[in-house]
Amino acid sequence: MTELVHQLGLDWKLLLSQGVNFLILLTVLTMLVYRPLSKLIEERRKKIEFGLMGAEEAEKRLKEIDRIKSEKIGEAEKIALNIVGESEKRGQKRFDEIVKIAEVRANEVLVDAAKVAEHKKQEELARLTEKAGLLIKQAIIKTVELDPKHIDEKLVSEAARIIKEQA
Amino acid sequence: MHEISLRAEEIFRIGNWPITNALLLSFVSLITLILIGILIKRGLKIVPGKLQSIFELLLEQIFKLMDSVLGERKLSEKYLPLVATIFLFIMTSNWLGLFPVIGPIGLNAVHEGKTSFIPLFRSPASDLNFTMGLAIIALISINLLGVFAIGFKKHFGKFFNFHKPFPVISFIGILEFLSEFVKIVSFSFRLFGNVFAGEVLLLIVGFLVPYLVPLPFLFLEVFVGFIQAFIFSMLTLVFIAMAVKHEGEH
């Protein structure tokens with residue numbers, strides 16, 4: 001047995017050295033690699049889980065937001081249509097009012113214009129009358145100065161000439 | 001070609017403590033893995049880099065495998081360090097032993113009146129001390145974990161019990177107890193045999209046809225190195241699973 005052990009090279013010192021080697025490696029790798037790496041993998045797994053949950057929640061919320069958005073848009077469209085309808089009605093009413101006011105104002109303006117025109121006409125007539133009086137007066141003066149033979153003819157032509165010039 | 005020896009060759013001594021070439025490469029594996037561990041620890045980020053990604057992938061695969069055996073992630077996390085370290089240590093040692101530069105580096109030493117070439121490094125698993133050391137630690141761990149999980153009485157009650165039919169069950173229990181020691185032998189000799197045979201095969205093929213021909217064998221040994229590490233760690237895992245579960249659970 002001793003010979004067999006010797007031939008196989010079994011030596012308790014070497015056995016112990018190899019065992020200690022392994023135990024050192026086990027301790028070092030556990031401290032340096034296995035524990036930190038397992039912790040890190042677990043941490044990453046949690047983060048991914050959290051991220052996935054967050055993404056799921058975000059997707060749900062997005063769908064909810066889309067639904068609310070559609071509802072709101074529908075409501076807004078209805079309100080907008082109402083507002084437009086209301087505005088059209090109010091616009092039409094206001095238009096009618098403005099047209100009415102404008103018509104009244106136009107009538108007033110027309111009346112004023114007629115009054116002014118009448119006034120101017122009266123003024124012109126007065127001036128014309130005054131001028132006509134003067135002309136008649138001048139004509140009579142001239143008539144007195146003229147020969148009675150030619151009075152009719154000359155008088156008429158002279159009066160016509162003066163009137164022509166004056167006009 | 002240097003002499004083929006079952007025993008790992010002694011390179012030097014520290015006091016009266018022998019340091020063999022297998023132990024030396026075992027140290028190299030240890031330091032390599034520790035350095036990788038430090039690199040991973042320093043660059044640990046929530047968004048992983050290349051090295052961290054590779055290690056995470058490896059760890060995730062080991063986790064999946066352990067989950068399928070143990071049934072739950074919590075247990076996998078608990079026993080991961082032991083199983084993963086066994087796997088990484090054996091695989092790294094096996095692969096480092098296959099590096100072509102490992103074999104030729106050595107020294108000429110006088111042994112029993114003859115001068116012979118002794119390689120400075122030797123694949124640790126081709127030394128029975130390495131495989132048996134790991135097997136003993138694995139078996140002690142399996143039993144300790146069993147005791148912690150189900151209690152001393154229940155765990156050892158599997159081996160020493162007086163249930164009816166009395167002599168049969170008790171005898172099976174004792175056989176189970178003996179098989180625990182046999183496991184050490186089966187664990188250590190399986191790994192040792194495979195790696196040692198691979199070393200010898202590579203040595204002979206390399207000696208007979210040094211160019212190109214050893215290449216397929218080298219690839220085969222890379223695969224064997226991985227498979228043997230996997231088998232060792234998987235057996236440890238299965239025995240842990242059997243030890244930490246109550247009798248009625250499996």
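The values are calculated or read from the model by the stated rules, or taken from the named source; none is laboratory data. Source: prediction; values computed, not measured. Every residue, glycine as well, gets a Cβ built from its backbone with ideal geometry; the counts of neighbours run over all protein chains shown.
Observations
- Members of the range B:114-143 that are among the aliphatic types (A, V, I, L, M) and within 13 Å of another protein chain (Cβ to nearest Cβ): B:Ala125, B:Leu128, B:Met132, B:Leu134, B:Ala135, B:Ile136, B:Ile137, B:Ala138, B:Leu139, B:Ile140
- Number of residues in the range B:1-37 that are more than 7 Å from chain A (Cβ to nearest Cβ), among the polar types (S, T, N, Q) and either under 26 Å from B:Lys50 (Cα atoms) or assigned to a strand (DSSP E or B) (or both): the value is 2.
- When restricted to residues that are assigned to a helix (DSSP H, G or I) and either at pLDDT below 80 or in contact with a Ser or Thr (Cβ under 9 Å, 6 or more places away or on another chain) (or both), the range B:98-156 contains 16.
- Condition check for B:Leu82: assigned to a helix (DSSP H, G or I), out of contact with any Lys or Arg (no Cβ under 6 Å at 6 or more places or on another chain) and closer than 29 Å to B:Gly198 by Cα: yes
Quick grid of which residues meet (1) within 14 Å of chain B (Cβ to nearest Cβ); (2) touching a residue at least 60 places away in the same chain (Cβ under 8 Å); (3) of a type in the set (A, V, I, L, M):
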residue: A:Val28; (1), (2), (3): yes, no, yes
residue: A:Glu42; (1), (2), (3): yes, no, no
residue: A:Glu57; (1), (2), (3): no, no, no
residue: A:Leu62; (1), (2), (3): no, no, yes
residue: A:Glu88; (1), (2), (3): no, no, no
residue: A:Arg94; (1), (2), (3): no, no, no
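- Tally of residues being under 17 Å from B:Leu88 (Cα atoms) and β-branched (Val, Ile, Thr) across the range B:3-34: 4
- Taking the listed residues B:Ser186, B:Ser179, the one that is small (Gly, Ala, Ser), under 13 Å from B:Thr131 (Cβ atoms) and either surrounded by fewer than 16 Cβ atoms within 10 Å (Cβ to Cβ) or without any contact (Cβ under 8 Å) to a residue 40 or more places away in the chain (or both) is B:Ser186, with no other qualifying.
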